Number of protein chains: 2
Amino acid sequence: MAVASFQLDPRLAADTHPVVRWGLSDVLLMDDARFPWVVLVPRIAGVTEWFDLSEVQQATLLNETLVLGKAMQRVFSAEKMNTAALGNIVSQLHVHVVARYATDEAWPAPVWGVGTAKLYDTVARGHIIDRLSRELPGL
Amino acid sequence: MAVASFQLDPRLAADTHPVVRWGLSDVLLMDDARFPWVVLVPRIAGVTEWFDLSEVQQATLLNETLVLGKAMQRVFSAEKMNTAALGNIVSQLHVHVVARYATDEAWPAPVWGVGTAKLYDTVARGHIIDRLSRELPGL
C-alpha cells in the first residue's frame, strides 16, 4: 500500500466544503442545495474499497457513517437516509450520506447524476455548515 | 419496534433469487444479468435504517457486506464495487453490493433505475448462483 500521505481527491475538494474533522474521516458538505448531502472521506492514502481498510478503520468508518446518518435524519427531518460507497468517478474511498424526501428532485431515484448541482449561496452554505457543526457530536 | 416476525418484502422477493443464508442476512441474487448484483437483507422485522439495528447487528451487517464485496470483486474480477443502502422504493433494510466495470451498461452512473433489467435465463442463473454459493464463505 501507498506510503504517500493522504490528500483529498481534487474533484471531491472542488465539490465540497469542510464541516468537521472526525477521528478517521473528514466530514464534507456536498455543494448541492437540492439535497442535504454529506460525504465522509477517511484520511487514508490509496484506499478505494471499504474492505481494504484495516479492521479497526472499517468499524470506525461504519460508526462515523451511522452517527452521521442518524444525526442528519434528525436535523433535516429526512424521510429516508441514503448511504453509499460508489467510487466509479472518484476512486478515493468516500461514503455518501444523503437525506431524502418523497418531494425531492430525484426521488425515488438515487441522487447521483440527476440533473445539475444547485450550488449553495454563501449565506445558506454558512448556515447549513454551522448547523451540522453544532449538531454533530465529536468523534 | 415490531414484534412481528421477519418477512422478505414482496418486491425484493420478486426481483431476486436466494443464494445463501448467513447469520444475520439472506444473500439474494438480483435478477439482472447486466450486472453481478447481490442484495443482503437482514432478517430483522421493521427496520429501515442501518442505524436502527442493534450495535451487534450493525457490526454483523458490515462484516457480511465487506466479505460479500471482497468475494464478488475477486469472483467477478470487478473494477469497482458499489455498496449502498438506499430504500427509497423498498423501505425494508437491504444492502446492494454490485460489481462494476468501465464497460458495463450504466458506468459511471450507479445501476439503480438505469434501463430495464435483463433477466437471467435458467441456466445462467443456476450457474451464477452455484458459483457464488461455492465462493462465498459460511458466515
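Would you work out if the stretch B:24-75 is rounded, prolate or oblate? Take a ≥ b ≥ c from the square roots of the eigenvalues of the alpha-carbon gyration tensor; rounded if a/c is under 1.5, else prolate when a/b is larger than b/c, oblate otherwise.
Oblate, because a/c is 1.5 or more while a/b does not exceed b/c.
Could you pull out the trypsin sites (Lys or Arg not before Pro) across the stretch A:63-139 that fall in loop regions by DSSP (anything but H, G, I, E, B) with no more than 12 other Cβ atoms inside 10 Å?
Filter output for the stretch A:63-139: A:LYS118.
Calculate the all-directions average of the projected area of the stretch A:10-135's alpha-carbon convex hull, and give it in nm².
One quarter of the hull surface, i.e. the mean projection, equals 7.4 nm².
Give, as a single signed number, the net charge of other residues whose beta carbon lies under 13 Å from the beta carbon of B:ASP121, with Lys and Arg counted +1 and Asp and Glu -1.
0
Please list 3J(HN,Hα) in residue order for the stretch B:106-111, calculated via the Karplus relation 6.51 cos²θ - 1.76 cosθ + 1.60 where θ = phi - 60°; whole Hz, with x for glycine and proline.
Per residue, the Karplus-derived 3J(HN,Hα) values read 9, 3, x, 6, x, 7 Hz.
Closest beta-carbon to the B-to-A rotation axis: which chain B residue owns it, and what is the separation in whole Å?
Whole-Å result, nearest residue of chain B to the axis: B:ALA84, 2.
Calculate the mean, over all residues of peptide A:64-72, of how many other protein chain Cβ atoms lie within 10 angstrom of the residue's Cβ.
Mean number of neighbouring Cβ atoms from other chains: 3.
Can you work out the FRET efficiency for the pair A:ALA59 and B:ARG11, with r the C-beta to C-beta distance and R0 = 25 Å, to the nearest 0.05?
0.20
Across peptide B:78-84, how many C-beta atoms of other chains are within 10 Å of each residue C-beta, on average?
The mean count of partner-chain Cβ atoms within 10 Å per residue comes to 6.
For every other residue with a beta carbon closer than 15 angstrom to the beta carbon of A:LEU40, add +1 if it is Lys or Arg and -1 if Asp or Glu, then tell me the sum.
Once all neighbours under 15 Å are counted, the net charge is -2.
Return the whole-Å distance between the Cα centroid of the stretch B:14-52 and the Cα centroid of the stretch B:115-137.
14
Using the Cβ atoms and a cut-off under 15 Å, what net charge is assigned to the surroundings of B:SER77, where Lys and Arg are +1 and Asp and Glu are -1?
Neighbour charge sum, excluding B:SER77 itself: +1.
Read the figures in this text as sums done on the coordinates, not as results from a lab. No experiment lies behind these values; they were computed from the predicted model shown. When we count neighbours, we look across all protein chains shown, and the Cβ atoms used for this are built from the backbone with ideal geometry, even at glycine.
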